[in-house]
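Read through the structure below, which is laid out as structure tokens, and then see the notes.
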Amino acid sequence: MKREIAMGFSKHDKKIPPHLSAFADHGDFRPVLQDLRHNSCDYFRQLSEATFEAIFLSDKGVCLGQNRSAREIFGYTDEEAIGRMGTEWIHPGDRDTVMANMLADIEEPYEVTALRKDGSTFPCEIQARVEQYKGHTIRITALRDITLRRQTEKKFLSEAKRRAILMANSGDGIAILNKDFRVIEANQRFAEMLGYDLDEVQTLHLWDFEEKFNKEEIRKNFRVTASLDGFKETLHRRKDGSVYHAEVRANGAMIEGEPLFIAITRDITERKEVEEELLRTKKAAERASQYKSEFLANMSHEIRTPLNGIMGMLRLMQSATLTEEVEDYVHNALQASERLSHLLGDILDLSQVEAGRMKIQPSTFLLREALETVEKIFSPSFQEKGLSLLFDIAPDIPKAFVGDCARLQQLLCNFISNALKFTRTGSVSVGVWPVGQADSGKVRILFTVSDTGIGIADDKLPSLFDAFIQGETSYARSYQGAGLGLFISKQLLSLLGGNMAVSSREGAGTSVYFTIPFAPAVQSEIIPEIDGSRSKAGHSLRILLAEDDRINRLVMSGLLKKLGHQVNMVENGEEVLAALRYRNDPYDVLLMDIQMPVLDGVEVTRIIRNHTDFKAHAGTPIIAMTAYAMRGDEEKFLESGMNGYISKPVAPEKLQEVLEQVICRQQDQK
């Protein structure tokens, strides 16, 4: 088969380099050279030009042509290269080797040192083959620059030495396994972890010490590849059969064409034991926290129930004709009861803070309405002390926001209550201004509560928001309180994404500044204000009251009747169902305690909403009246199908407000 050979020169080039005569003793190569030029094949020329290897054609050791890579690597032009002996591209120390291999027609690759035109050298690999062309023996020689390979080999040898040192001194067990999962190399630490001698380890397969997976599972589910990169915790089995926890990092590698993986193993038994102990401790703490929450919820119920009776009876007494002296007694008793109620609320909030269960529950609310509610709460107290409560609200502030209105009101109440407590003369001012947008697109609102009270000493400011800390610590305290309000306020602000600052001058007053980001409410989300003129709560309602505590039944019945409503009373959930079962004319409202004997309020609500026997009453508004006042209780009761919620102790104005809201909402749905 005729083979065309051409490279490195043009078939139209007729000029023979002048220095060719110097090589006449090597034979007349000019006819061959001319013939190659005239019969050169573009296809083979393109192939030779495309490779990164230096390629030469030679006849009897004389260069007939070179490709582009040869020109770039060695620095000779075609005119300079053609006619030279091929050994001139080789370092003198390796020329004898090259000549010997040429004479022996060696085709296997071998390594020598190459010599550039500028005298610089580099390691190269030579591979040549001989082709017959019109009676001439043409040698095709490829030279590859192996500088990078030598550097890699040197680096590999260096790394191998380092690896040997690292393996010998590592505190972790290191093993190299082949594609058959057999240990081919390991360090002493790996052997010690498994309880074998080093020689014994190198006879083991992975399944001989892997506890979690057997031989079949390992062969089926694991593949040794160069791209292997894994990390896992497992169990390893020692020679004596005992088991320990192991942490394994496996990385694949291709060495001499064979896939291997290196496993770095660490005995984590001690760490696992510590983790398990911590987990047991955590679970015990969670159980204790749960028990504590349940205890506080039960205590809240047990305290609020009689407290509701006490405060309810006192309010009923206030509505009767009393002497001035008795009226003063009732007023003071109510104040003491309200302080006890607030303290109970603070203790419940504190328990949620400590348990990490205090949650934010955003909803759409009207800002001015929320502020008016706060003002109504404090107006009587400010009037009693002869102080002014002033509100300064920016006129351009949006009407409605999405956020936790109850928590905002709690914050304001805590700060205003604190200001009221420590202010003897003057006023307390509340400011509300928008101060720009937060990154999330929310509007950041600045609230300020400033008083003209006694101020705070500089040394007290750093600990002002710590739990149970007060400005006074002696037995001769002038101001009451448990020191929880400001601590809880700080936690609330953090949950709301806000921040706070305090400025104070002793004897001149204190100002608290805090900002909270709120999302503006879209028009469709804005809750319409309740129109009291169209609410049936403004008229006499027929109410079924379910309350198991006798005193609270009397109190709630008295309050409802004072508000002008008709009341029927039952003592438990079963009596509620009995009162409704054969009644075709539904009540306007069911007011039910949650914790009742026989059937509780939640279960009774589910039955009324879903059972066919109570179809006539399925739409009757149900209001939860409960001493359960933990955060989240209201949402839980509303999810069960109730329409409203009021916590004990029940204030008459709050009761009327809830009745109006529920009835108005019911009318809107019809």
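The values are calculated or read from the model by the stated rules, or taken from the named source; none is laboratory data. Bear in mind the structure is a predicted one, so any value in this text is a computation, not a measurement. Positions of Cβ are backbone-derived with ideal geometry, glycine not excepted, and every protein chain shown enters the neighbour counts. Note: areas computed on protein heavy atoms with side chains; ligands, DNA, RNA excluded. Shrake-Rupley method; radii C 1.70, N 1.55, O 1.52, S 1.80 Å.
Here is how the numbers come out for the structure above:
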| read-out | value |
| --- | --- |
| Flag for Gly195 being open to solvent by 30 Å² or more (accessible area, probe 1.4 Å), within 43 Å of the chain's Cα centre (by Cα), small (Gly, Ala, Ser) and modelled with pLDDT under 90 | no |
| Count of the stretch 573-606 residues which are surrounded by fewer than 23 Cβ atoms within 10 Å (Cβ to Cβ), modelled with pLDDT of 90 or more and closer than 22 Å to Val555 by Cβ | 4 |
| Filter result for Ser535 (closer than 30 Å to Arg407 by Cβ, modelled with pLDDT under 90 and in contact with a helix residue (DSSP H, G or I) (Cβ under 7 Å, 6 or more places away or on another chain)) | yes |
| Residue tally, condition closer than 23 Å to Leu64 by Cβ, at pLDDT 90 or above, open to solvent by 80 Å² or more (accessible area, probe 1.4 Å) and in contact with a strand residue (DSSP E or B) (Cβ under 7 Å, 6 or more places away or on another chain), over the stretch 107-144 | 0 |
| Complete set of residues in the stretch 646-665 that are modelled with pLDDT of 85 or more and not in a helix (DSSP H, G or I) | Ile646 |
| Yes/no for Ser647 being open to solvent by 20 Å² or more (accessible area, probe 1.4 Å) and under 43 Å from the mean Cα position of the chain (by Cα) | yes |
| Matching residues in the stretch 205-251 - criterion: being in a strand (DSSP E or B) and small (Gly, Ala, Ser) | Gly230, Ala246, Ala250 |
| Of all residues in the stretch 440-461 being of a type in the set (Ser, Thr, Tyr) and more than 34 Å from the chain's Cα centre (by Cα), the one that is nearest to Arg424 (Cα to Cα) | Thr452 |
| Gly481 being surrounded by 18 or more Cβ atoms within 10 Å (Cβ to Cβ), in contact with a Lys or Arg (Cβ under 8 Å, 6 or more places away or on another chain), at pLDDT below 80 and assigned to a loop (DSSP other than H, G, I, E, B) | yes |
| Qualifying positions in the stretch 245-263 - charged (D, E, K, R) and free of Cβ contacts under 8 Å to residues at least 60 places away in the same chain | Glu247, Arg249, Glu256 |
| Unique residue being under 23 Å from Gln409 (Cα atoms) and modelled with pLDDT under 90 when the list is Leu486, Leu563 | Leu486 |
| Boolean, Arg271 is closer than 17 Å to Glu233 by Cα and not aliphatic (A, V, I, L, M) | yes |
| Tally, over the stretch 202-223, of residues that are at pLDDT 90 or above, closer than 15 Å to Asn178 by Cβ and touching a strand residue (DSSP E or B) at 6+ places or on another chain (Cβ under 7 Å) | 3 |
| Given (1) open to solvent by less than 60 Å² (accessible area, probe 1.4 Å); (2) under 37 Å from the mean Cα position of the chain (by Cα), number of the condition Lys232 does not satisfy | (1) |
| Among (1) within 26 Å of Leu314 (Cα to Cα); (2) modelled with pLDDT under 90; (3) of a type outside the set (Val, Ile, Thr) - the single one Glu634 does not satisfy | (1) |
| Members of the stretch 444-473 that are closer than 18 Å to Leu492 by Cα and at pLDDT below 90 | Ser463, Leu464, Phe465, Asp466, Ala467, Phe468, Ile469 |
